[in-house]
1. Largest first, how would 327, 42, 452, 273 line up by accessible area (1.4 Å probe)?
2. At residue 176 and residue 15, where each label point lies 7 Å from the Cα along Cα→Cβ, what is the point-to-point distance in nanometres?
3. Return a whole-number percent for the relative contact order of the chain, with Cα pairs under 8 Å and 6 or more residues apart as the contact set.
4. I'd like the accessible area for residue 46, computed on protein heavy atoms only with a 1.4 Å probe and all protein chains in place. Round to 10 Å², please.
5. Expressed as an acute angle from 0 to 90° and rounded to the nearest 10, what is the orientation of the C-alpha long axis of helix 119-130 relative to the principal long axis of the chain?
6. Counting pairs of alpha carbon atoms under 8 Å apart in space and at least six apart in sequence, what relative contact order in percent does segment 308-461 give?
7. Using alpha carbons only, how many degrees (0 to 90, rounded to 10) separate the axis of helix 61-77 from the longest principal axis of the chain?
8. Heads up, I need the accessible area for residue 80: 1.4 angstrom probe, whole protein in place, Å², nearest 10.
Amino acid sequence: MSTSTPASIFKLEASEDPLRVFRDEFVIPTNAQMKATAVAPELENEPCTYLCGNSLGVLPKRSKQLVEEELQVWATRGVEGHFDHPHGRDWMHIADFVHPLIAEIVGASESEVACMGTLTANLNLMMSTFYKPTKGRYKILCEARAFPSDQYAIASQVVSHGFDSSAVVEMSPRPDEYTLCTSDILDVIAREGASIALVLFSGVQYYTGQAFAMETITRAAKEQGCVCGWDLAHAVGNVPLSLHDWDVDFAVWCTYKYLNAGPGAIGGLYVHERWADEPIRAAGWWGHDPATRFDMPAVFARIGGAQGFQQSNPSVLATVSVLGSLEVFKRAGGMQPIRARSLRLTGYLEALLCASRFYVPVAQVNELEQAAGKTGVTIITPANPEERGAQLSLVFLPTGRGVMPRVLKELAERGVVGDSRKPDVIRLAPCPLYNTFEDVERSVHMLEQALESVEREGIRN
Ligand SMILES: *Cc1c(COP(=O)(O)O)cnc(C)c1O
């Protein structure tokens, strides 16, 4: 975006902003609870400026209520809760309450999704099913800077099939750039497609906030006969998804980021219906036909579709936590209105940052660093709103000199909660279900105060 776009075009007045009432559906920690020691006394018991929903979403009141209800059912009904539940949520079928809601969020049918497991475990499960290397077609195409857990998983899959790291084709941004060009990804797929077994990227990159062209990349991968999977950790609940229509083969996600289901919450996976009868390589009783599951037959009969991959009976507490959050998404009208508000909040954040005297356009960073010393901030997330979700990733200048940790600390003292990635990045993500335009204003104001003190005092430790 151009630095001259006025911030005011993004801001919604209360009367044009129906989703703003959803903030009341969440419990946001106060400044005092977050140990923000430098806020005005009258703000101590006010909600902090929480811009960290990309890392851990805040608690939906509905999730709290549902978890408390389940504890009560456990206390009063014991094992009977599996079949005869006072709120009609028989534990036997608890995941089935989540399936229609999560299917809407990812753009799939109910039978293409499963509420289960955790992200990395599901990723390994999907790769052990869909990564079937042959002598000629054995490579996995991914990013050089993928989330480390994904890199470990990919490497372990390749090794378990007797290949070495040369089977992993890692893509990096061009020199002096932070994000990948779609055309570069498409070129590699076109050039090396015949030897690629699996194309596996993240929907939204955790570090840069880049949203990949999922539909275009999937189509190119499929045209070359590759399997295409996506890690949606930072995409689910953040950007609109149409996994089925995009012809994605499989996807995995966690639910504690934009889906607000709580630390370590239960994850999920998607498998395209074309694979509905794919043999299950790691079977368990929860993937068995529920009609006969409790007859305890010796032979496994898979549920058709994604739910055949379920292994264990799921944690009810974790499942109702995600259920409560997804009910809020549903009441807000689903991803279309949520995304519309997200575009405005993030556009507003970007415009205010660009208007700051500390802002340096990313293309000028290298020159400036050579000239040395200007205290500043740049944005490495793509400027095109179609190529990002809620998050902006800020790099603090000069890089490598400890500006970022100092700013992070100053922000925390002022009640602005973001998160950092070493050495120089702070990620801020206004979440459309609970953040406000005032949160965005406050965060930029506090960021400027923090940079002013760095400029004035240098880095003190
Ligand atoms: C958050 C995140 C993870 C975390 O994995 P868990 O198995 O949930 O601990 C993995 N990969 C990516 C890309 C992530 O963003």
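The values are calculated or read from the model by the stated rules, or taken from the named source; none is laboratory data. This structure is a prediction, so every number in the text was calculated from the model and none was measured. Using ideal geometry, Cβ is built from the backbone for each residue, glycine included, and neighbour counts are taken over all protein chains shown. SASA here: full protein model, heavy atoms, side chains in, ligands and nucleic acids out. Shrake-Rupley method; radii C 1.70, N 1.55, O 1.52, S 1.80 Å.
1. Order by accessible area, largest first: 42, 273, 452, 327.
2. Here the modelled spin labels are 4.9 nm apart.
3. 23
4. 90
5. With both axes taken from Cα atoms, the answer is about 50 degrees.
6. Value for segment 308-461: 23 percent.
7. Taking the Cα atoms of the chain, the angle to 61-77 is about 40 degrees.
8. 90
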